[in-house]
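Remarks on the structure that follows.
The values are calculated or read from the model by the stated rules, or taken from the named source; none is laboratory data. Note that the coordinates shown come from a computational prediction; the quantities given were computed from them, not determined experimentally. FYI the Cβ positions are ideal-geometry reconstructions off the backbone, even for glycines, and counts take in every protein chain you see. Accessible surface areas use protein heavy atoms only, side chains included; no ligands, DNA or RNA. Shrake-Rupley method; radii C 1.70, N 1.55, O 1.52, S 1.80 Å.
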Amino acid sequence: MIEKLEKLNSIAISELYKTSDINAINLWHTKHLGKKSHLMAYLRNLGQLPAQDRPKVGKLANEIRYKLENAYDEHKNTLVSQPTTTNKNSIDITLPGRPINRGRLHITNIVLRKIYSIWADMGFQIYKSREIETDELNFELLNIPKHHPARDMWDTFHTNTPGVILRTHTSPGQIHAMRTYCPNPIRVILPGMCFRYEQITARSEIQFNQVEGLAIGTNIRFSDLKGTLSTFAQRIFNKNTKTRFRASHFPFTEPSAEMDVECFLCSGKGCGVCKNTGWLEILGCGMVHPTVLSNGGYDPNKHTGFAFGMGPERIAMLKYGIDDIRYFWGNDLRFLEQF
Ligand code: PHE
């Protein structure tokens, strides 16, 4: 009797560990611990055994029942917690795979690369200048002395070190480039991040890109500036884009101008984007001021040059009809995935 019970136990245990899914383990439970199982039959019929055997057999049968129930619980838990991939029947190979999200360029980078390639075609090299500048380079050497009211055009982030600031425009790069190449001719663009201590609104951000341009030579005239910048506008927008130059003022250029392009949404008729003027302002420019030329090491009697500064985010806004500059830093995929 005792031997029979022990055999029953070892068979049940070895069969238990062969089960590899929930269905099989449930069948196992019915077979070995269910009402109709051999073990239950032993327990039910204990009364028919000779009195002296009853306690021993009863004790063993109950122990086996207890052990099997525990082993069953444990094995069932491991089956449930196992990843379904180990469970052959649960893989549906006909299901489509999970789509992989592909990265893409940020809209600013798309426009920047376009700008780089247009200027590269016209012989302009990229000159990378620093984002942390001195007051001297950002202002003074650009003909903007301390306390001059023109400084109001650029609200500045100062650092804890006196005289060290975050550049408010890419124009200090003009001085770096001039001091690098003087007395040779220059044709460079200077792209990069600028910072201004301003209220963040739909039209202004505290952090944005600029692309500065600088051409220096011996016979460069205002007509060169106009022709070069008009060509740029036609290539970044479309070949029928009309441009106009309005007189303006920057301390580091003389004469200074702002270039407008004819509004391509309404073709100059007037709409919400161009505020009914028919024109959109896209950059500031001018002939390099003689003081700035000599600060860069050039002789203003021999050399002349032109400079310009444009905002790629602004160009992107015009080109793609984006009405709020805050989207550029918002990290909202619904916006970023449109380009
Ligand atoms: N630095 C000027 C600005 O930030 C733009 C500019 C650059 C104007 C070069 C003229 C020449 O607005």
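Here are some notes:
- Near pairs, Cβ below 8 angstrom, 6+ apart or cross-chain, from the range 123-135 (in a loop (DSSP other than H, G, I, E, B)) to any residue that is open to solvent by less than 50 Å² (accessible area, probe 1.4 Å) and among the β-branched types (Val, Ile, Thr): 124/188; 124/189; 127/188; 127/189; 129/170
- Lone qualifier among 66, 72 - being surrounded by 13 or more Cβ atoms within 10 Å (Cβ to Cβ) and among the hydroxyl-bearing types (Ser, Thr, Tyr): 72
- Restricting the search to strands (runs of 3 or more DSSP E) fully inside the range 171-259 and requiring at least 3 residues that are within 14 Å of the ligand (Cβ to nearest atom), open to solvent by less than 10 Å² (accessible area, probe 1.4 Å) and in contact (Cβ under 8 Å) with a residue 60 or more places away in the chain gives 186-195, 207-217.
- Residues in the range 314-329 that are in a helix (DSSP H, G or I) and not β-branched (Val, Ile, Thr): 314, 316, 317, 318, 319, 320, 326, 327, 328, 329.
- Among residues of the range 267-307, those that are assigned to a loop (DSSP other than H, G, I, E, B), open to solvent by less than 20 Å² (accessible area, probe 1.4 Å) and among the hydrophobic types (A, V, I, L, M, F, W, C), counted: 1
- Of all residue pairs spaced 6 or more apart or on separate chains, those with beta-carbon atoms under 7 Å, a first member in the range 305-327 that is closer than 23 Å to residue 222 by Cβ and a second member that is polar (S, T, N, Q) are 307/174; 307/253; 309/170; 309/171; 309/210; 310/210; 311/209; 311/210.
For every residue, the table says whether it meets (1) closer than 12 Å to residue 68 by Cα; (2) loosely packed, with under 15 Cβ neighbours inside 10 Å; (3) not assigned by TED's automatic domain parsing to the domain that holds residue 73.
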position	(1), (2), (3)
11	yes, yes, no
20	no, no, no
27	no, yes, no
32	yes, no, no
